[in-house]
Amino acid sequence: MTSETDVAAPTLPKAQMHLVRPTEPVIGRVVSTRLCMNGKSASFVRHVAIDVSGTPLAKNFLVGQSFGVVAPGVDEKGKPHKVRLYSIASPSYGEDGEGNVLSTTPKRVIDERTPQRPEDDPDDHRLFLGVCSNYLCDLREGDEVPVTGPAGKSFLLPADPEQHDYLFVATGTGIAPFRGMAMELLDGPGGPVSSQIHLVMGAPYRGDLLYDDLFRDYAERHENFHYHTAISREPRGGSSRGIYVDGLIDEMMDGTFRSFLQSPRTLVYVCGLAGMQIGLFQVLARQGVGDGYLSIKDDDLAAMDPADWPRDKIKRYVRSTKRCMLEVY
Ligand code: NAP
């Protein structure tokens, strides 16, 4: 028997995978690089566009996939740096409309060293700079960059986008795929889709919002595109605290999201911080709109009030369905 969940599951396009392996990267060339925060921010996040024409990656990536970057040089053990994956931030037809230029949204990893293993020096708190993120952010227009991929076959827009409506939930640089998806749905070659699209973006401060101008512009120009921001560290509505993406969706459930999430057309995409899905799962279940998006693999948990679900049990027993796609790490 076919359940309603199966009927509403999206048909995804077939994605090309691992055309270029990490051991043999090909050379792309940076065509543009710019900061993409919303003004003042303590972070440095860039929009970096890379020309991959003439390589197997050209015309062979889809929005929602990732590609790899191999920083030159060797690590502390003298081994070549491992490949790092970055979410593609451009539509499937690329920044150039031809699928020859892809882009991503790297954030400089800047931290202090902290001991990770018992043998590490407990007093070592020197500056730590993430190797690949800083390599990518340092690159200038015209520089060569070793790339691999593409990777990922399940966090994709459906083959027929008009058949669905969309809830995109992002934290921080998890916005990358949604930039490309929104562009593809609203500015794609077939013209704007008529689907409803809600983007919920979480950031610490307003200055940390990424591609904010683009999304505000889309919200102004397309009445089917809705942009909601969840700012976690700024006081709001008389409270001294901010709000997370799941809290905002909870707050807006009755006015905006309940019937939207109950519709069998709707797909949910979640990208960003590992663990961000947990609060969202609880909100969906507690509000009674989890059907079609979640499956609970434990009878005790299913019988419990979702507000009381223990975190470890959520991780173990709550799974997202094909209508709820996750990219969190
Ligand atoms: P960021 O600027 O620090 O923003 C993250 C926001 O989410 C902050 O407002 C943070 O609030 C909030 N937050 C923290 N815990 C949360 C939770 N449990 N539920 C909901 N919101 C929560 O983010 P970032 O530094 O760019 O980090 C983005 C993360 O996304 C990175 O870990 C990156 O690896 C990941 N990412 C994954 C993919 C992928 O899987 N394809 C792609 C891109 C990025 P507070 O800090 O105020 O608590």
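The values are calculated or read from the model by the stated rules, or taken from the named source; none is laboratory data. Note that this is a predicted model, so its numbers are computed, not measured. Cβ coordinates were reconstructed from backbone atoms using ideal geometry, including for glycine residues, and neighbour counts include every protein chain displayed.
Looking only at the range 173-181, decide whether some residue is at positive phi, not in a strand (DSSP E or B) and not aliphatic (A, V, I, L, M). For the range 173-181, residues at positive phi, not in a strand (DSSP E or B) and not aliphatic (A, V, I, L, M): absent. The single residue among SER53, SER92, SER43 that is surrounded by 22 or more Cβ atoms within 10 Å (Cβ to Cβ) and not aromatic (Phe, Trp, Tyr) turns out to be SER92.
Counting just the residues of the range 198-215 that are part of a loop (DSSP other than H, G, I, E, B) and surrounded by fewer than 23 Cβ atoms within 10 Å (Cβ to Cβ), which one comes out nearest to the ligand (Cβ to nearest atom)?
Going residue by residue through the range 198-215, those that are part of a loop (DSSP other than H, G, I, E, B) are 204-205, 209-211.
With the extra rule that they be surrounded by fewer than 23 Cβ atoms within 10 Å (Cβ to Cβ), the set shrinks to 204-205.
On the way: PRO204: 4, TYR205: 8 Å.
Among them, the one singled out is PRO204.
When the range 280-317 is filtered for residues that are over 25 Å from MET201 (Cβ atoms) and not in a loop (DSSP other than H, G, I, E, B), the ones remaining, listed by number, are SER295, ILE296, ASP299, ASP300, LEU301, ALA302, ALA303, ASP308, ASP312, LYS313, ARG316, TYR317. Considering the conditions (1) in contact (Cβ under 8 Å) with a residue 40 or more places away in the chain; (2) more than 16 Å from the ligand (Cβ to nearest atom); (3) closer than 17 Å to ASP75 by Cβ, TYR93 is excluded by exactly one of them, (3). The single condition among (1) touching a residue at least 24 places away in the same chain (Cβ under 8 Å); (2) exposed (fewer than 15 other Cβ atoms within 10 Å of the Cβ); (3) assigned to a loop (DSSP other than H, G, I, E, B) that ARG258 does not meet is (3). Among the residues of the range 139-156, those identified as away from the ligand (no atom under 12 Å from the Cβ) and in contact with a Leu (Cβ under 7 Å, 6 or more places away or on another chain) are VAL145, VAL147, GLY149, PRO150, LEU156. Kindly indicate the residue of the range 226-255 that is within 12 Å of the ligand (Cβ to nearest atom) and surrounded by fewer than 16 Cβ atoms within 10 Å (Cβ to Cβ) and also nearest to the chain's Cα centre (by Cα) among those meeting that condition. Per the stated criteria, the residue is ARG233. Scanning the range 188-240 for residues that are of a type outside the set (A, V, I, L, M), without any contact (Cβ under 8 Å) to a residue 60 or more places away in the chain and touching a Pro at 6+ places or on another chain (Cβ under 7 Å) yields HIS222, SER232, ARG233.
Considering the range 256-271, and only residues there that are in contact with a strand residue (DSSP E or B) (Cβ under 6 Å, 6 or more places away or on another chain) and β-branched (Val, Ile, Thr), the residue that is farthest from the ligand (Cβ to nearest atom) turns out to be THR266. Filtering the range 176-197 down to residues that are within 16 Å of the ligand (Cβ to nearest atom) and either farther than 13 Å from SER90 by Cβ or small (Gly, Ala, Ser) (or both), which residue is nearest to the chain's Cα centre (by Cα)? Looking at residues that are within 16 Å of the ligand (Cβ to nearest atom) and either farther than 13 Å from SER90 by Cβ or small (Gly, Ala, Ser) (or both), I get ALA176. Among all residues of the range 307-323, there is at least one that is crowded, with 20+ Cβ neighbours inside 10 Å and among the charged types (D, E, K, R). Considering only the range 286-317, state which residues are closer than 29 Å to GLY180 by Cα and in contact with an Asp or Glu (Cβ under 9 Å, 6 or more places away or on another chain). Correct list: ASP291, GLY292. Listed by position, the strands (runs of 3 or more DSSP E) inside the range 14-88 whose residues that are more than 22 Å from the chain's Cα centre (by Cα) number at least 1 are 26-35. Inspection of the range 271-279 finds a residue satisfying the criterion of being in contact with a Pro (Cβ under 6 Å, 6 or more places away or on another chain) and outside any helix (DSSP H, G or I).
Taking the listed residues ILE175, ILE243, ILE197, the one that is under 21 Å from PRO106 (Cβ atoms), of a type in the set (Val, Ile, Thr) and not assigned by TED's automatic domain parsing to the domain that holds SER43 is ILE175, with no other qualifying.
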